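K.L.:
Attaching a single structure in structure tokens format; questions to follow.
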Amino acid sequence: MEEDFVTFLVQLPAIQLDRLYESRWTCQAVLRSLPPLAKQYVLRLAFADSVPQALFQGWHTAEGQAKHKGAIDKLRQLRVLQRVGKQTDRGITDAKFRLNPLFKEQIQKALAMPIESVDTCGVQLEGGPSVEELRKYAVDRWEEILLCVIGTNANSSWAHRGRAPAWNSSKTKSLDVLELFKKADLVSKCTQKSVIESEALQDDDGGGRGQRGVGKSDGFQVTEKGFQFLLMDEGRQLWSVVREYVATAESRDRDLASILGFLLQLGFQRPERAYRFDSLPPLRQQVVEELAELGIIYLHTHSEGQAALPTKRSAHATWYYPTRLSRTLSGAVSGEQANLANSMDSDGEALNGYVLVETNYRLYAYTASTVQIAIMELFTRPQYRLPNLFVGVLTRESVAAALDCGIDGEQIISFLQQHAHPDIANRIPIVPETVADQIRLWAAERNRVVSSNVVLYENFPSDEDFQSVVQFSRSKKYLVWMDSEQRKMAVHLHGDGEMRQFIRQNVKK
């Protein structure tokens, strides 16, 4: 389920990619998301017509062959680099490399543009939100988005106290976040049994502000893909959601290139500046309203003199601010860098660098974040919860429960490494070897039995015939199981055709 900006673009059809490259914002976002060597190749070719393949291959040393190949593959997948020449029966002769003409034109304009002309539309609005307020808004909103997934997990014991799932907070939203998650296969309709169990887990206050788990009448549960989504870094989480948003918008006959171009343009706008909402075309106004639900944009209601999400269609929201999430979206900040930049929750508590794991499998998390605690409850057995401390234990049962949900053992180890407390961040290994190896062993226990589609052969006329067929199946690596006494054998299904042909030609009837 790996998702990021470049992966998303690679999967687009060539026609849509070429349309996107008509926007300088898209081209600049692609350029800064490339590996360093690929960036260098683009800049070398930006003002060249084409380069002979022989010369191009000389741009790297023997030691850099792997990086060179990786850079070329990435550029060709994105249709940034093109191989041209004379087409013959033997293929392309006199091969040369050049940049995609559309991409090249926009990169040339960007390189020739004065720095001060990059962003001329934004203004410093008196009474607008500060950069810190925008950061806090993005943190709060993204936590609500994650709680849309976590809030459907009826197994969480403490995570949702005082926080309701985001889809319950407003009845006048321009974007149905829950529906978006359903289409992304992050949540699915839960069974009646799950609903009953969830009702039993509600708080003593009647399930109002302290409601946890799924709803009573229209419940949903986290899917295997949803659990994997929770352990991703922020950048991949964001693109997983945006990918489905874009697909939904396209199904409603919206212009895909215009929407993606605007999404990437946001990453080049300054977060401390305000931009006119009324000056946008109708399609982009709708996109702005919907992106505000995801925390990518902050809408400012000028008539009230304060920034807030509108409770109805944004007739009064005359300004918008791009948040930190928009920079993550366009590749300006990587997913891991975004996690570091977003190192505090809405109450100012540290989110990154907060986990300590001991050799006795006990885990200490110095955080008050509802989301982070809920994620750790996916693979630990909770023991204590203090105002700024969560204590849990990695057990065979808790890790097995996470594996049942579709979370991989390596994902758990990676999560613990990425969020290690500063005191142990430079320790090698960050996660004690005894703990990491035990998690892998618990995961390996589930792989003791492997199922295969096979074909059973029996009733061989003689031992000689049986042994000849067994020998043939072994030579082809088709044999799965055999019993010499009963003259029975099982072979992989994909080898059935060859096995039948061999038996017809070599076994007496």
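K.L.:
Would you work out the relative contact order for the range 371-476, in percent, from Cα pairs under 8 angstrom that are 6 or more residues apart?
P.N.:
18
K.L.:
Now a separate question. Set the Förster distance to 56 Å, then compute FRET efficiency between Lys476 and Thr359 from the Cβ-Cβ distance, nearest 0.05.
P.N.:
Here the calculated transfer efficiency is 0.70.
K.L.:
Have a look at Ile296, Gln265, Ala247 and report the one farthest towards the positive end of the charge dipole of the range 220-296, computed about the Cα centre with Cβ charges (Lys/Arg +1, Asp/Glu -1).
P.N.:
Positive-most Cα among the choices belongs to Gln265.
K.L.:
How much accessible area per residue does the range 348-453 have, counting only protein heavy atoms and a probe of 1.4 Å, in square angstrom?
P.N.:
Per-residue value: 49 Å².
K.L.:
Right, next: What distance in nm separates the two pseudo spin-label positions at Asn426 and Arg500, each 7 Å out from Cα along the beta-carbon direction?
P.N.:
About 6.7 nm separates the two model spin labels.
K.L.:
Starting from the Cα of Gln53, step 7 Å along the direction of its Cβ; do the same at Ser452; then give the gap between the two resulting points in nm.
P.N.:
4.0
K.L.:
Work out how much length Lys225 to Gln467 would gain on full extension: take 0.36 nm times their residue separation and subtract the Cα-Cα distance, in nm to one decimal.
P.N.:
Between Lys225 and Gln467, full extension yields an extra 82.5 nm.
K.L.:
Heavy atoms only, probe 1.4 angstrom, no DNA, RNA or ligands counted: give me Val242, Val454 ranked by accessible area, highest first.
P.N.:
Val454, Val242
K.L.:
If each of Ala95 and Gln486 carries a label point 7 Å out from its Cα toward its Cβ, how far apart are those two points in nm?
P.N.:
A separation of 5.6 nm, rounded to one decimal place.
K.L.:
If each residue of separation counts as 0.36 nm, what is the full-extension length gain between Leu256 and Gln108 once their alpha-carbon separation is subtracted?
P.N.:
The Leu256-Gln108 span can extend by a further 50.8 nm.
K.L.:
Another question, then. For a quick check of your reading of the filter: which trypsin sites (Lys or Arg not before Pro) in the range 465-504 sit in a DSSP loop and have no more than 12 other Cβ atoms within 10 Å?
P.N.:
Passing sites in the range 465-504 are Lys477.
K.L.:
Once the piece of chain linking Gln438 and Ala247 is laid out straight, how much longer is it, given 0.36 nm per residue of separation minus the C-alpha distance between them?
P.N.:
Here the answer is 64.7 nm.
K.L.:
What percentage of the solvent-accessible surface of the range 373-461, computed with a 1.4 Å probe over protein heavy atoms, is contributed by carbon and sulfur atoms?
P.N.:
Carbon-and-sulfur percentage of accessible area, whole number: 49.
K.L.:
For the range 375-439, take every pair of Cα atoms, bin their distances at 10 Å starting from 0, and report each bin as a whole percent.
P.N.:
Percent of pairs per bin, in order: 20, 52, 28, 1.
K.L.:
Of Lys183/Lys225; Lys488/Lys508; Lys182/Lys225; Lys74/Lys225; Lys39/Lys96, which pairs sit farther than 21 Å apart, going by alpha carbon to alpha carbon?
P.N.:
Too far apart for the 21 Å limit: Lys74/Lys225.
K.L.:
At a threshold of 8 angstrom on Cα-Cα distance, excluding pairs fewer than six apart, so keeping six or more, what relative contact order does the range 10-88 reach in percent?
P.N.:
36 percent.
The values are calculated or read from the model by the stated rules, or taken from the named source; none is laboratory data. These numbers were taken from a predicted model, which means no experiment stands behind them. Note that we place each Cβ from the backbone using ideal geometry, even for glycine, and neighbour counts take in every protein chain shown. Side chains are part of the model used for accessible areas, which takes the heavy atoms of the whole protein and leaves out ligands, DNA and RNA. Shrake-Rupley method; radii C 1.70, N 1.55, O 1.52, S 1.80 Å.
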